[in-house]
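**Q** Here it is, the structure in full.
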């Protein structure tokens, strides 16, 4: 089934949140235990600033959302609207900072069908067009294989505390663009 892409709109919010909830609940299995998956819902999620900035993509297959993801020229590395402590709207400088790859999710029905690679290519091209030469992201354990295959190198491993006492293991990763 052919995939197409477009920029996300405010009217997509409910559908995007549903895809994200499914992706967190289903695609983390085998990587995290139930408590960590529950904590992931509090740590991850939709950042509507990306939609407002025009840097968040929707990937569709026959009109259904197959996935989503974006990039940012803001300092926030990860975390949705509900994770205020993780957010920093400060603008990044393309000459000194790395653009952020953010909030990548694939609907479980479309896992391992090229959705993530498409999002990565769109984000990296857009960041490069904006003058960035490097990108960084915060990877989940389930996303790490895709990011490694896309040329990302681990920078540091962190544990994000969830409200239920469980920690979510994450990996900050980076990539030099254009090479």
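**Q** Condition first: modelled with pLDDT of 95 or more, touching a helix residue (DSSP H, G or I) at 6+ places or on another chain (Cβ under 7 Å) and assigned to a loop (DSSP other than H, G, I, E, B). Now tell me which residues in segment 25-70 satisfy that.
**A** Those that are modelled with pLDDT of 95 or more, touching a helix residue (DSSP H, G or I) at 6+ places or on another chain (Cβ under 7 Å) and assigned to a loop (DSSP other than H, G, I, E, B): 28, 55.
**Q** Return the residues of segment 71-116 that are in a loop (DSSP other than H, G, I, E, B) and under 21 Å from residue 39 (Cβ atoms); say none if nothing qualifies.
**A** Matches in segment 71-116: 76, 77, 78, 79, 80, 81, 82, 83, 87.
**Q** From the set of residues in segment 74-102 that are farther than 18 Å from residue 172 by Cβ and touching a residue at least 24 places away in the same chain (Cβ under 8 Å), which is surrounded by the fewest Cβ atoms within 10 Å (Cβ to Cβ)?
**A** 95
**Q** Inside segment 138-167, can you point out the residues that are under 15 Å from the mean Cα position of the chain (by Cα) and closer than 24 Å to residue 34 by Cα?
**A** Selection gives 138, 139, 140, 141, 142, 143, 144, 145, 146, 147.
**Q** Confirm whether residue 22 is part of a helix (DSSP H, G or I), under 19 Å from residue 122 (Cβ atoms), touching a strand residue (DSSP E or B) at 6+ places or on another chain (Cβ under 9 Å) and in contact (Cβ under 8 Å) with a residue 40 or more places away in the chain.
**A** When the stated conditions are applied, residue 22 does not pass them.
**Q** So how many residues does segment 124-161 have that are closer than 20 Å to residue 53 by Cβ, touching a strand residue (DSSP E or B) at 6+ places or on another chain (Cβ under 6 Å) and not in a helix (DSSP H, G or I)?
**A** Count: 6.
The values are calculated or read from the model by the stated rules, or taken from the named source; none is laboratory data. Just so it is clear, the model here is predicted, and its values are computed rather than measured. Counting neighbours? That spans all protein chains shown, and the Cβs are built from the backbone with ideal geometry, glycine included.
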